[in-house]
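Read the structure below first, then the notes.
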Amino acid sequence: MKGIKLLTLSVFSTVLLSSFTPVNKKYIVIDAGHGGNDLGAVFGEFSEKDISLGIAKEIQKINQNQDTYEIILTRDGDSYPTLFERTAQINKLNPEMVISLHVNKSPQAETPQQGTEVYIQNSDSSRKLAEKISKKFDAHKIEECNLHILRETKAPAVLVELGFLNNTKDRNYITSKKGQKEIAQKFVEVINEY
């Protein structure tokens, strides 16, 4: 009888422990473009490096209690990892996807151009991700482009221009707390649907 109780306890303990064993997490990399001395696009007090980092952190914040995947940022402060450092870090992690965040600016002081643009390399999985982002953000184009982050990343990767910094409507939206939270939420939805 004592042996049966011990066996039952042992089986129960094994089942209980295995139910708390963490599942292998998947990684999603969010690359906040530019950083450090590289401001990216600038308009008045606003810079691309700050906007991209703000949105990247917001995406990570929304997902802090997520069990199935973890958001990894290529930078979480005002630093500038080189493109080679970024892609080396990304390829070491072997993530499910990579989303590189940027902000557009056209040559004019103020532009009528506005909206989201998505760039990819020639890969079916990247195109699938780009199409989901394009639909969610009502992007006006998906275009193939030979950019380091897209070319050297082995995982499905997209570079997203979130709007034009020298377009008043886009600028007001992408620099506001409300706009950044909404943008981050849309990316989270894309990640969950992918």
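Each value in this text was obtained by applying a stated rule to the coordinates, not by laboratory testing. Owing to the predicted nature of the structure, the values given are computational and were not obtained by experimental measurement. We place every Cβ from the backbone using ideal geometry, glycine too, and count neighbours over all the protein chains shown.
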Relative contact order of the chain, pairs being alpha-carbon contacts under 8 Å that are 6 or more residues apart, as %: 24
Isotropically averaged projected area of the stretch 64-145, using the convex hull of Cα atoms (one quarter of hull area), nm²: 7.7
Kyte-Doolittle at least 1.0, axis length at least 20 Å by Cα - qualifying DSSP helices, the chain: 2-19
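Shape of the stretch 25-193 from its Cα gyration tensor (a ≥ b ≥ c, root eigenvalues): rounded if a/c is under 1.5, otherwise prolate when a/b > b/c, or oblate?
rounded
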Calculated from backbone phi, Karplus (6.51, -1.76, 1.60) coupling profile of the stretch 74-79 in Hz, x at Gly/Pro: 6, 8, 10, x, 8, 10
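Counting only trypsin sites (Lys or Arg not before Pro) that sit in a DSSP loop (anything but H, G, I, E, B) with at most 12 other Cβ atoms within 10 Å, what is the longest stretch of the chain containing none of them? Before the final figure, lay out each step's value.
Details: sites that count: K25, K154.
After excluding every exposed loop site, the longest remaining stretch is 26-153.
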Given charges at Cβ of Lys, Arg, Asp, Glu: the chain dipole, positive-most of T111, I71, N37: I71
Kirkwood estimate for the stretch 100-143, i.e. one over the average of 1/r between Cα atoms, Å: 11.5
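What fraction of the DSSP beta bridges in the chain is antiparallel, stated in percent and rounded to the nearest 5? Don't jump to the answer; show the numbers that get you there.
Details: 6 of 26 bridges.
So the antiparallel bridges in the chain amount to around 25 percent.
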Computed helical MRE - 222 nm, the chain, DSSP H runs ≥ 4 contributing -39500 (n - 2.57), nearest 500: -14000 deg cm²/dmol
